[in-house]
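The block underneath contains the structure these notes are about, expressed in structure tokens.
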Amino acid sequence: MHLKTPKPRKLPSGNWFIQLRLGGESIPVTAATAKDCTREAAAIKAEWLARKRLPEKPEEPEQEPTLTVSIDEYIKRKSRTLSPSTIRGYRAIQKHRFQTVMQRPVNSIQDSEWQGLINAEMALASPKTVVNAFKFLRTVIRQQTGHEIPMNGLTLPSVPPADTAFLTADEIPKFVDAIKEDIHWLGFDWGDRFFYGSDYFEKDYEYAVELIKKGLAYVCELTPEQFREYRGDVNTPARSPFRDRPVEESLDLFARMKAGEFPNGRYTLRAKIDLASGNFNMRDPVLYRIRYIEHHRQGTKWCIFPMYDFAHPIQDAIEGITHSMCSLEFENHRPLYNWVIENIFGTAFPKQREFARLNMTNTVMSKRYLRELVEMGIVDGWDDPRMPTLCGLRRRGYTPTSIFTFVREAGISKSDNLIDMRQLEACIRSELDLTAQRRIAVLDPVKLIIDNYPEEKTEYFDIANNPNREANDATTRKVAFTRELWIENEDFAEVPPPKFKRLTIGGEVRLMGAYLVKCESIEKNPDGSIAAIHCTADIETGNGNPADGRKVKGTIHWVSAAHAVDAEVRLYDKLFTEANMNAIPEGSDYKDYLNPESVTVRTHCKLEESLKDAKPGEKFQFVRTGFFTPDSKNPGVYNRVVTLRDSFKPAK
């Protein structure tokens, strides 16, 4: 418990005084000096806390952990390294399977029981799920309790070779097309220089053969487990018993790897560099793997694939790239990039250079996290207006020029940084303030009836398209005015708060660009909400100033009920409540920081008639509300690009 001691204040008598409040007790403290008063108050507080301190709980006898507790702790600790699909699988296993042992101490489980559990699992899950789950449970149990589940005599299901690619062959073309669309939207075009990395698979293979002939690469048959075991550490060099394999043997094995004679992962091609290097990327890295997958362009022609660190510099050199720009996590890969260039091409270029990612507040940049948000339906696809993707920003209503302005202002850094999302919002806000035409939209409508206005009459007022002087837009549009209108519910108050300048009973306001109206009465629904507001208009004044010189301070916007367009409006905000998502406590779930108010949907909004033909990509300022654009996926839906002003309030 922490109770702050108040600061002392001086009494007219010259003494100093502190009023302590401890629990429900009020204790006055006085002394001749401020220092003595503070010291005495602190002593009283310490004595009070000592009296209130609860007796220590007696230690409970130590119990062996159950599997449930162990799995929970392990997932929390490893949540950043386990994939979302893996965690979901383990949660399902924890909840629905291995039920006979979930609440039992680990050491009480007989070795013979594990095979029965594995067999039972096979009826409920795929072989891959069962094997992964069993390995996971063995790891947790060993780390948490020191107990080792014996493998002798256990039969695990065989797992077919798996494709661990981020995307399937069917998905990749869609992503390629999306990237093309994003680049074109930004205003760029590649002309006749559009390349695929897979176009160079043949050259990659030829250069790999060349390295083998030079004695700079060899075929290795270490398993992934052995590879990790022989990797060494900062004080111990890595090792491979196959490093000195004869060149002719490596050439033969590599050709047979290409011909598909070996199963998935049986062999790898490794560069022969330096097993004692302090940079682990240089400890004879893998250049080629065997993988039986269908490639989206090459089909099943290839069953060996070059690693990115090998293919990347080769492709750059072939295409005439001088500088390859990468994010900072590739800085330790630069020596390998240079090694490939020097030993294959013998030139000084291309060069790899690194820069920091442009991280922004209140969002995540990890593809793994973003993909999980999409797959779990938390967001509406990769182009959800809350996503930090180009297609998401485009659908939200951002423009290429606003993004370029933001990037220029943020600058380029060689150290990790975090840019405030409000800086991006300010860029689009200042642009749209000059370019977006004004329109009237009522998001929370309540009916306003002008009793002294003819029922069948419709007249049109000229409303400015953009009154901002810097916009140099003197154009206007015709807006219909009728007896029944829609106004914002918040623009009327039956019992107005102090300094309320909008419509009240007996009060008068200006309908923007039209008449002055005075509220005479209201109608209510059975639940007490306002059904209609009855007003009278100053017909003679029109949209001019009153002849008697009276001042009317409030102005509210409106839409003709007979001409209004019904629409749905989505008010988007920040995706996460935490500004720096990289700084959340270790073991916590990033989804716990999702902003529950990242989107607010308003239905049955009333828009002015001119918006019925608005198209996606067009931007408008809804007066007094914010900047909006029609949604590209859902007709009749408008997305808020950004608010009119930054509403951020710093924590006190």
Counted residues in segment 477-534 being aliphatic (A, V, I, L, M) and open to solvent by 20 Å² or more (accessible area, probe 1.4 Å) come to 6
Just wondering, is there one or more residues in segment 494-507 that are touching a Lys or Arg at 6+ places or on another chain (Cβ under 6 Å) and either farther than 21 Å from residue 452 by Cα or at pLDDT below 95 (or both)? yes
Residue among 189, 204 that alone is part of a loop (DSSP other than H, G, I, E, B) and either of a type in the set (D, E, K, R) or modelled with pLDDT under 95 (or both): 189
Any residue at all in segment 442-460 that is at negative phi, of a type in the set (Lys, Arg), open to solvent by 70 Å² or more (accessible area, probe 1.4 Å) and part of a loop (DSSP other than H, G, I, E, B)? yes
Farther than 29 Å from residue 344 by Cα and assigned to a helix (DSSP H, G or I): is that true of residue 178 in this structure? yes
Could you figure out which of (1) modelled with pLDDT of 95 or more; (2) open to solvent by 30 Å² or more (accessible area, probe 1.4 Å); (3) over 30 Å from residue 319 (Cα atoms) isn't true of residue 214? (3)
Looking at residue 563, is it in contact with a helix residue (DSSP H, G or I) (Cβ under 8 Å, 6 or more places away or on another chain) and either within 30 Å of residue 373 (Cβ to Cβ) or surrounded by 12 or more Cβ atoms within 10 Å (Cβ to Cβ) (or both)? yes
If you take the residues in segment 300-314 that are over 13 Å from residue 289 (Cα atoms) and open to solvent by 40 Å² or more (accessible area, probe 1.4 Å), which one is nearest to the chain's Cα centre (by Cα)? 300
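Listed here are the residues, each with its yes/no results for (1) within 16 Å of residue 385 (Cβ to Cβ); (2) open to solvent by less than 40 Å² (accessible area, probe 1.4 Å).
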residue	(1), (2)
556	no, yes
575	yes, yes
607	no, yes
630	yes, yes
634	yes, no
Being among the polar types (S, T, N, Q) and open to solvent by less than 40 Å² (accessible area, probe 1.4 Å) is the requirement here; does residue 264 meet it? no
The one condition in (1) open to solvent by 70 Å² or more (accessible area, probe 1.4 Å); (2) part of a helix (DSSP H, G or I); (3) of a type outside the set (Lys, Arg) that residue 616 fails to fulfil: (2)
Return the pairs, sorted by first residue and then second, in which the second residue is of a type in the set (Gly, Ala, Ser) and surrounded by fewer than 14 Cβ atoms within 10 Å (Cβ to Cβ), the first residue lies in segment 475-502 and is in contact (Cβ under 8 Å) with a residue 12 or more places away in the chain and part of a loop (DSSP other than H, G, I, E, B), the beta carbons are less than 9 Å apart, and the residues are 6+ apart or on different chains. 482/562; 483/562
So which residues in segment 274-291 are surrounded by 14 or more Cβ atoms within 10 Å (Cβ to Cβ), out of contact with any strand residue (DSSP E or B) (no Cβ under 8 Å at 6 or more places or on another chain) and either closer than 18 Å to residue 312 by Cα or small (Gly, Ala, Ser) (or both), if there are any at all? 277, 281, 282
Segment 423-451: number of residues that are in contact with a Leu (Cβ under 9 Å, 6 or more places away or on another chain) and within 30 Å of residue 505 (Cβ to Cβ): 9
Consider residue 184 against the criteria (1) closer than 27 Å to residue 310 by Cβ; (2) open to solvent by 70 Å² or more (accessible area, probe 1.4 Å); (3) at pLDDT 95 or above: it satisfies all of them except one. Which criterion is unmet? (1)
Please determine, by comparing only the residues of segment 339-350 that are in contact with a helix residue (DSSP H, G or I) (Cβ under 8 Å, 6 or more places away or on another chain) and not hydrophobic (A, V, I, L, M, F, W, C), which one is nearest to residue 406 (Cα to Cα). 350
Give 234, 219, 209 a once-over and let me know the one that is open to solvent by 70 Å² or more (accessible area, probe 1.4 Å) and among the aliphatic types (A, V, I, L, M). 234
I'd like to check something: does segment 583-592 contain any residue that is open to solvent by less than 50 Å² (accessible area, probe 1.4 Å), out of contact with any Leu (no Cβ under 9 Å at 6 or more places or on another chain), within 22 Å of residue 383 (Cβ to Cβ) and at pLDDT below 95? yes
Considering (1) over 30 Å from residue 408 (Cβ atoms); (2) in a helix (DSSP H, G or I); (3) open to solvent by 60 Å² or more (accessible area, probe 1.4 Å), say which one residue 334 fails and leave the rest. (1)
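The values are calculated or read from the model by the stated rules, or taken from the named source; none is laboratory data. The model shown is predicted, which means the values in this text are computed figures rather than measured ones. Positions of Cβ are generated from backbone atoms using ideal geometry, with glycine treated the same way; all protein chains shown enter the neighbour counts. Just the protein is used for accessible areas: all its heavy atoms, side chains included, with ligands, DNA and RNA removed. Shrake-Rupley method; radii C 1.70, N 1.55, O 1.52, S 1.80 Å.
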